[in-house]
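Everything on this sheet refers to the single structure shown next.
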Amino acid sequence: MGSTFDYFALVNTKILAGRTFTEQAIRGETNEILVSVSVAKNLLPGQDYRNIIGKSYQGLEEKMYEVVGVTEDFNHPKYFDESFGRHIWWPATPYSYMFTIKASEGVKLTNKQILNTLKEKNSDLTMWQFNDLQQEYDNLLYMSRLTVVLCSTLALFTLLLAAIGIFGVLSYNLGLRRYEFGIRMALGAKKARLFKLMSVEAIIPVLIGFAVALAAVMVGFYMLQGQLMSWLILDVRLQLLAWSITLCIALFACFRPLVLLLKAKPMAALRND
């Protein structure tokens with residue numbers, strides 16, 4: 001990426017060692033580059049990344065470029081799974097026409113204002129396109145955000161289907177025992193005792209199944225973490241939310257039919273009223 005000497009301060013990219021470009025490098029009089037930490041470690045495996053300062057490597061047009069600085073890893077939103085923070089910074093020599101304007105806080109510039117300023121400096125200059133940093137940021141993250149929205153919608157739909165299935169199975173299983181409950185209540189069994197009995201019988205399988213599923217997901221993720229790490233991040237908060245919703249629905253499916261059944265009279269339970 002082509003950069004000027006003040007680019008790193010402008011975008012808040014830290015230079016961990018060395019320095020930024022000199023004005024001579026921007027004018028094309030000297031050949032300088034900056035590299036990210038990951039690039040330095042790849043070029044000098046097993047050594048301190050600072051040792052790369054002052055070394056020269058062949059670059060553009062087969063010229064030798066001196067490494068004058070090391071920056072923190074640069075994670076481009078579109079190419080993170082390809083570069084993993086590895087980046088080389090080249091000086092933006094005069095043939096480059098892209099530039100960044102830093103305005104004071106609260107000041108908004110228009111295309112016309114910038115174009116007039118350029119014309120004042122040089123009447124031959126013109127402007128092809130102007131985007132603020134927020135527009136550039138949104139353009140970079142558009143596909144990523146769209147992917148997140150689609151995946152989230154699919155995940156919620158899947159969670160809804162799973163919840164409906166769990167509720168239906170548990171409710172049906174408990175409904176099959178309504179005759180048993182009706183007879184027990186007709187013979188004088190106390191509702192509190194029946195509630196405790198059925199709660200234990202219904203909750204234990206639910207908790208066992210929940211624990212087994214949770215363990216299977218965690219084991220599968222950590223076994224395949226190497227293959228999944230480039231595009232899948234385990235967000236603990238989202239996982240806890242999904243697991244909590246699933247568990248609450250399962251418990252609700254256990255208790256709601258049971259409470260309705262115990263509130264009914266014995267003969268109503270036998271008739272399934």
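Evaluate the stretch 181-202: report whether one residue or more is assigned to a helix (DSSP H, G or I) and modelled with pLDDT of 80 or more. Please lay out each step first, then the result.
The first filter runs over the stretch 181-202 and keeps only residues assigned to a helix (DSSP H, G or I), leaving 181-186, 191-202.
Filter once more, keeping what is modelled with pLDDT of 80 or more: none.
Within the stretch 181-202, none of the residues are assigned to a helix (DSSP H, G or I) and modelled with pLDDT of 80 or more.
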## Note on the structure
Flagged pairs (Cβ under 7 angstrom, 6 or more apart or on separate chains; first in the stretch 69-88, open to solvent by 40 Å² or more (accessible area, probe 1.4 Å); second at pLDDT below 70) are Asp81/Ser230; Asp81/Trp231
### Query
Out of the residues in the stretch 244-264 that are of a type in the set (A, V, I, L, M, F, W, C) and modelled with pLDDT of 80 or more, which is surrounded by the fewest Cβ atoms within 10 Å (Cβ to Cβ)?
Cys248
### Task
Filter the stretch 134-153 down to the residues that are closer than 27 Å to Thr100 by Cα and without any contact (Cβ under 8 Å) to a residue 12 or more places away in the chain, then identify the one that is least open to solvent (accessible area, probe 1.4 Å).
Asp138
### Message
Condition check: surrounded by 11 or more Cβ atoms within 10 Å (Cβ to Cβ), within 30 Å of Thr110 (Cα to Cα) and modelled with pLDDT of 75 or more. Does Tyr222 satisfy that?
### Response
no
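Can you tell which of Ala40, Ala25 is surrounded by 12 or more Cβ atoms within 10 Å (Cβ to Cβ), part of a helix (DSSP H, G or I) and at pLDDT below 90?
Of the residues listed, the single one that is surrounded by 12 or more Cβ atoms within 10 Å (Cβ to Cβ), part of a helix (DSSP H, G or I) and at pLDDT below 90 is Ala25.
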### Message
If I filter the stretch 7-21 down to residues being open to solvent by 40 Å² or more (accessible area, probe 1.4 Å) and part of a loop (DSSP other than H, G, I, E, B), which single residue comes out as farthest from Gly85 (Cα to Cα)?
### Response
Arg19
### Query
For residues in the stretch 98-125 being surrounded by 10 or more Cβ atoms within 10 Å (Cβ to Cβ) and among the hydroxyl-bearing types (Ser, Thr, Tyr), which is modelled with the lowest pLDDT?
Thr100
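Quick one: in the stretch 158-192, which of the residues that are of a type in the set (Phe, Trp, Tyr) and in contact (Cβ under 8 Å) with a residue 40 or more places away in the chain is most open to solvent (accessible area, probe 1.4 Å)?
Checked the stretch 158-192; the qualifying residue most open to solvent (accessible area, probe 1.4 Å) is Tyr179.
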### Query
Is there any pair linking a residue in the stretch 193-212 that is more than 17 Å from Arg256 (Cβ to Cβ) to one that is among the hydrophobic types (A, V, I, L, M, F, W, C) and open to solvent by less than 80 Å² (accessible area, probe 1.4 Å), with Cβ under 8 Å and at least six apart or on different chains, and which?
Phe210/Trp243; Phe210/Leu247; Phe210/Ala250
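Checking the condition assigned to a helix (DSSP H, G or I), farther than 16 Å from Leu238 by Cα and modelled with pLDDT under 80, which residue from Leu146, Leu161, Leu141, Leu170 passes?
That would be Leu170, the only listed residue that is assigned to a helix (DSSP H, G or I), farther than 16 Å from Leu238 by Cα and modelled with pLDDT under 80.
The values are calculated or read from the model by the stated rules, or taken from the named source; none is laboratory data. Bear in mind the structure is a predicted one, so any value in this text is a computation, not a measurement. Heads up, the Cβs are rebuilt from the backbone with ideal geometry, glycines too, and the neighbour counts pull from every protein chain shown. Quick note on the areas: whole protein, heavy atoms, side chains included, nothing else; ligands and nucleic acids left out. Shrake-Rupley method; radii C 1.70, N 1.55, O 1.52, S 1.80 Å.
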